[in-house]
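J.: Can you keep this structure in mind? I'll have questions shortly.
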Amino acid sequence: APVYLKDYTPFSHLVDEVHLTFQLEPAKTRVISRIRFRPNPDATAAPLRLDGEGLVLLWAKIDGNPVTPEVDEAGLTCTVPDAPFTWEAEVEINPEANTALEGLYRSSGMYCTQCEAQGFRKITYYPDRPDVMSIFTVRIEGEESVLLSNGNPVASGDGWAEWHDPWPKPAYLFALVAGNLVNHPDRFTTASGREVELNIWVRPGDEGKCAFGMEALKRSMAWDEEVYGREYDLDIFNIVAVDDFNMGAMENKGLNIFNSSCVLASPETSTDANFERIEAIIAHEYFHNWTGNRITCRDWFQLCLKEGLTVYRDAQFTSDMRSAPVKRIEDVIALRARQFREDNGPLAHPVRPASFVEINNFYTATVYEKGAELIGMLKTLVGDEAYARALDLYFSRHDGDAATIEDWLKVFEDVTGRDLSQFKRWYEHAGTPRLHVTEDYEGDRYTLTFRQETPPTPGQPEKPPRVIPIALGLLGPNGDEILPTQVLEMTEAEQSFTFDGIPSRPTPSILRGFSAPVILTRPSSNSERAFLLAHDTDPFNKWEAGRALARDGLLSMITKGAAPDDLYLDAVLTMARDDSLDPAFRALALALPSQDDLAQSLHEAGHSPDPQAIWDALETLRQARAHKLQDLAPRLYAQYQVEAPYAPDAEQSGARALANAALGLITRLDGGAQAQAQFDRADNMTQQLAALANLLQAGRGETALAAFYDQWKDDRLVIDKWFSLQVLHAAPDRAADITRALTEHPDFTPRNPNRFRATLGALAQNHAGFHHASGAGYALLAQWLKTLDPINPQTTARMCTAFETWTRYDAARQDKARDALEDLLDLDGLSRDTTEMVTRILEA
Ligand code: ARG
Ligand code: ZN
């Protein structure tokens with residue numbers, strides 16, 4: 001049954017202290033709890049209700065006297081004194097049998113936990129909700145050499161260790177790790193002089209992959225002090241790498257747990273993109289210490305309070321460490337690919353949802369990435385200085401609180417005197433606004449008229465107008481900027497803005513920096529797009545113009561059988577050979593819209609997308625581009641080879657990105673000779689993987705694939721790449737077969753989420769392959785989701801999003817997709833997670 005935001009009530013009791021003792025055994029771990037409760041003066045008196053799932057209760061006591069609570073599937077109820085009391089209980093759990101990777105589980109011989117959102121109830125009976133905060137003391141008894149929990153170490157001896165976390169926290173931030181691990185240690189001194197011990201803990205053999213993560217951590221700690229005035233608040237900060245993990249990482253207080261793919265890095269095994277992502281995730285989890293831990297969420301509806309803000313903060317960090325324009329372009333590409341797709345389909349939901357069945361299904365691009373966009377818009381609307389003051393107020397007013405979006409908006413209202421009630425609609429209404437623009441030029445007056453409109457989303461037929469910050473610049477006929485960026489504040493459904501003293505008809509550069517997460521529908525000529533690509537001073541809109549030019553050309557090829565657009569080819573040649581432009585920018589401007597992006601655009605324009613036609617058009621355009629740039633590509637390739645020792649910084653990765661984009665062009669004409677040469681001499685993963693991808697693309701990857709496997713068969717993270725690359729580069733009619741064959745490989749296992757995503761997740765990303773007319777892609781994925789669901793509901797449910805676009809396609813494909821989904825829904829005992837997802841998708 002769904003839970004509703006409007007039904008929130010505080011918990012009956014407050015929790016002053018929690019003492020936990022873990023007696024670790026793979027198949028029967030004992031958890032002994034001693035919890036100090038007292039009646040909550042702000043709640044109505046009630047019997048004690050504790051959450052608990054899959055626990056064997058051995059005994060329970062209140063104030064030392066045995067009690068017999070009423071136990072059910074979801075927890076227990078117990079009559080308690082109307083005064084402070086001590087609850088004690090012992091439960092048995094089975095970490096080894098825990099394949100869902102939620103609660104306490106085993107991974108590669110170590111114990112670890114994942115409690116967010118509601119995993120703590122699988123560890124012991126407890127009020128497992130974020131507004132119940134307490135001080136935890138933890139004793140771990142186990143034979144592993146390393147026994148970790150939150151907070152500071154108190155004492156340890158042979159086979160045991162004790163930890164105390166002085167900061168009150170909700171149960172979802174609890175963590176425990178036990179294993180025979182090795183560490184990569186370091187230190188950090190905070191601005192006020194606190195000496196902090198830092199560790200990254202890994203399995204023996206992975207020590208060599210910790211240095212980059214550690215440097216990223218120290219840079220994150222310094223950055224949060226400088227930019228947000230936030231210091232670390234414990235004597236120790238531990239990070240642990242775990243191979244089996246449902247998500248990227250988790251911000252447990254003082255003990256962050258990472259999917260090993262999101263922390264382990266070395267030049268030989270990780271690509272430049274991996275390094276950038278690892279740096280961002282380390283920062284993200286560290287930043288949660290303030291935005292998430294010190295200030296947490298009142299309930300799970302407020303998830304975007306911590307996630308949107310923390311994603312926004314990690315994006316700022318990456319912009320400061322690397323190139324801000326490049327980061328912005330990358331983020332918008334990802335936002336459109338994941339969030340716009342979600343927002344315009346059956347799974348659309350508000351940034352702050354009003355109800356859910358399974359909260360794990362709401363760790364979405366909308367909550368995270370659109371949530372971050374809302375922070376960016378707020379900052380644009382109030383200005384940098386007011387943003388800084390609002391954040392200071394937020395930290396001082398709400399430190400130690402379990403807060404809400406209302407609290408968050410209130411600090412901005414109090415600091416600026418603005419009324420943010422219209423802005424709040426961004427949190428409450430799902431859907432991507434369409435922004436229509438008309439222009440008028442008369443005398444020397446230029447007028448832009450905007451009209452906003454948001455299509456209905458599930459459960460929300462009507463959409464009132466939102467406040468939209470529109471960053472605008474105007475260019476004169478020679479490409480000079482006649483109006484530098486200013487922010488128009490649109491609040492009405494339709495609204496005009498006039499500019500006087502404009503000597504000739506300008507070219508508008510609208511939505512600079514992508515100042516709002518909307519779809520701009522303004523029709524524009526190819527020549528105007530080429531003009532903006534050449535002259536716009538805003539790097540985002542410069543890129544956007546090139547992207548739109550490429551997209552429009554592709555759409556004409558797909559729907560009208562047009563030839564590749566000469567204006568695009570000329571413009572891209574001019575752009576690519578302009579050595580004054582950042583190589584990383586040029587690499588991004590050379591990338592074409594994805595097949596799924598094109599399907600989204602076709603759907604938006606009222607067509608039913610034909611995946612094979614999309615694939616064909618991209619192939620044709622790539623071939624035409626290779627010819628057009630045939631002189632330039634070898635020049636770029638040679639010019640941007642990096643001779644210096646490998647460093648994963650912005651400059652080197654930009655050069656490699658451009659050289660590898662050139663390699664892509666070259667491969668189309670030389671059949672893979674250059675790619676083979678690069679593969680043979682590559683000494684870093686960025687070069688090796690790009691070469692392998694090109695060889696697969698050219699149809700001559702077999703030998704290199706075998707060599708790659710042989711070289712890396714003992715490195716799980718690299719073998720994940722080996723699995724996914726083959727699926728991603730499979731021809732549309734071969735994708736399902738190739739994926740199926742890989743699931744029969746001895747290294748394939750559905751128990752490891754990374755491996756499952758590398759294989760079946762890659763199939764979902766091979767657009768023309770997954771949506772192949774045969775329906776083989778749909779059937780294969782659904783069959784594997786049926787296998788995975790009893791093992792790991794969370795990852796299964798997440799991967800159902802592969803089907804979220806099913807109604808875009810033709811009737812025959814829809815029938816096949818529906819059959820696959822109904823077949824999945826029919827599975828006996830299908831999890832709540834997957835049931836919710838499939839049901840919502842089918843209701844489209
Ligand atoms: N809070 C974590 C992060 O964003 C994500 C954990 C999500 N876990 C889950 N089971 N849904 O860093
Ligand atoms: Zn997060």
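Every number here is computed from the coordinates shown, using simple stated rules; none is lab data. The structure presented is a predicted model; accordingly, all values stated were derived computationally and were not measured. Backbone-built Cβ (ideal geometry, glycine too); neighbour counts: all protein chains shown.
J.: Rg(Cα) of the stretch 102-170 divided by 2.2 N^0.38 Å?
T.: Numbers: Rg = 12.8 Å, N = 69, 2.2 N^0.38 = 11.0 Å.
Normalised Cα radius of gyration, the stretch 102-170: 1.16.
J.: Compute the distance in nm between two label points, each set 7 Å from the Cα along the Cα-to-Cβ direction, one at residue 192 and one at residue 45.
T.: 4.1 nm
J.: Quick one: the Cα spread of the stretch 128-237 along its three principal axes, in angstroms, biggest first?
T.: Extents along the principal axes: 41, 40, 25 Å.
J.: Which order do the peptides 112-122, 414-424 come out in when sorted by mean C-beta neighbours inside 10 angstrom, highest first? Each step should come with its number before you reach the end.
T.: Numbers: 112-122: 24.5, 414-424: 14.9.
Final packing ranking: 112-122, 414-424.
J.: If you don't mind, there's one more thing I want to ask. To the nearest 500 deg cm²/dmol, what mean residue ellipticity at 222 nm is calculated for the chain from DSSP H runs of n ≥ 4 alone, each contributing -39,500 (n - 2.57), summed and divided by the residues? All intermediate terms of the calculation are to be shown ahead of the outcome.
T.: On the way: 28 runs with 328 residues, N = 844.
Taking each H run of at least 4 residues, the total per residue is -12000 deg cm²/dmol.
J.: Test of understanding: ordering 304, 262 by Cβ neighbours within 10 Å, fewest first, what list do you get? Working shown, then result.
T.: On the way: 304 28, 262 23.
Least to most surrounded, the residues fall as 262, 304.
J.: Taking the square root of 5 times each eigenvalue of the Cα gyration tensor, what semi-axes in Å does the equivalent ellipsoid of the stretch 443-494 have, largest first?
T.: On the way: eigenvalues 196, 25, 19 Å².
Each semi-axis is the square root of five times an eigenvalue, giving 31, 11, 10 Å.
J.: What does the convex hull of the Cα atoms of the stretch 542-606 come to per residue, in Å³, rounded to a whole number?
T.: Numbers: hull volume 4.9 nm³, N = 65.
Per-residue hull volume (Cα only) is 75 Å³.
J.: Can you give the convex hull volume of the alpha carbon atoms of the stretch 692-793 per residue, in Å³? Display every interim value, and only then the final one.
T.: Details: hull volume 8.9 nm³, N = 102.
Per-residue hull volume (Cα only) is 87 Å³.
J.: Sticking with this one: For residue 86, what is the net charge nearby, where nearby means another residue's Cβ is under 12 Å from its Cβ and Lys, Arg count +1, Asp, Glu -1? Don't skip to the answer; put the middle values down first.
T.: Values: positive: 34, 36, 38, 61; negative: 16, 17, 63, 88.
Net of charged neighbours comes to 0.
J.: If you fit an axis through the alpha-carbon atoms of helix 776-788 and take the longest principal axis of the Cα set of the chain, what angle between them do you get, 0 to 90°, nearest 10?
T.: The two axes meet at around 10 degrees.
J.: How far, in degrees from 0 to 90, does helix 702-712 lean away from the longest principal axis of the Cα atoms of the chain, to the nearest 10?
T.: Once rounded, one gets 30 degrees.
J.: In sequence order, what are the phi-derived ³J(HN,Hα) couplings for the stretch 719-729 according to the Karplus relation 6.51 cos²θ - 1.76 cosθ + 1.60 with θ = phi - 60°, rounded to whole Hz, with x for glycine and proline?
T.: In residue order, the calculated couplings are 5, 4, 5, 4, 5, 5, 4, 5, 6, 4, 9 Hz.
J.: Just to be sure I understand: if I project the alpha-carbon convex hull of the stretch 225-296 onto a plane and average over all orientations, what area do I get in nm²? Write out the running numbers ahead of the final one.
T.: On the way: hull surface 22.2 nm².
Answer in nm², one decimal: 5.6.
J.: Moving on to the next point. I'd like the distance separating the alpha-carbon centroids of the stretch 573-649 and the stretch 91-149, in whole Å.
T.: Using only Cα atoms to place each centre, the spacing works out to 46 Å.
J.: With just the Cα atoms of the chain, tell me how far they stretch along each of the three principal axes, in Å, largest first.
T.: Reported extents, whole Å, longest axis first: 84, 64, 58.
J.: Given the stretch 636-713, report the % of alpha carbon pairs whose separation exceeds 14 Å. Don't skip to the answer; put the middle values down first.
T.: On the way: 1760 of 3003 pairs.
Roughly 59 percent, rounded to a whole number.
J.: Here is a further query. Using only the alpha-carbon atoms, what does the stretch 45-200 span along each of its principal axes? Please give whole angstrom values in decreasing order.
T.: 49, 39, 30
J.: Here's another thing I want to ask about it. Based only on Cα atoms, what Rg/Rh ratio does the stretch 795-844 have, Rh being taken as Kirkwood's radius?
T.: Numbers: Rg = 10.5 Å, Rh = 10.9 Å.
In the stretch 795-844, Rg relative to Rh is 0.96.
J.: What distance in nm separates the two pseudo spin-label positions at residue 496 and residue 560, each 7 Å out from Cα along the beta-carbon direction?
T.: 3.1 nm
J.: Between 0 and 90 degrees, rounded to the nearest ten: what's the tilt of helix 211-228 against the longest Cα principal axis of the chain?
T.: 90 degrees
J.: Could you order peptides 266-279, 432-445, 170-183 by the average number of other Cβ atoms within 10 Å of their residues, highest first? Write out the running numbers ahead of the final one.
T.: Working: 266-279: 20.9, 432-445: 14.4, 170-183: 22.9.
Per-residue mean Cβ counts within 10 Å order the peptides as 170-183, 266-279, 432-445.
J.: Hey, what's the Cα Rg ratio for the stretch 312-443 versus the globular rule of thumb, 2.2 N^0.38 Å?
T.: On the way: Rg = 16.7 Å, N = 132, 2.2 N^0.38 = 14.1 Å.
Normalised Cα radius of gyration, the stretch 312-443: 1.19.
J.: Limiting things to C-alpha atoms, what are the Rg and the maximum Cα-Cα separation (Dmax) for the stretch 385-539, in angstroms?
T.: 18.5, 59
J.: Could the peptides 832-843, 639-650 be put in order, highest first, of the mean number of other beta-carbon atoms found within 10 Å of their residues? Could the numbers behind the result be given before it?
T.: On the way: 832-843: 19.8, 639-650: 14.2.
The packing order, highest mean first, is 832-843, 639-650.
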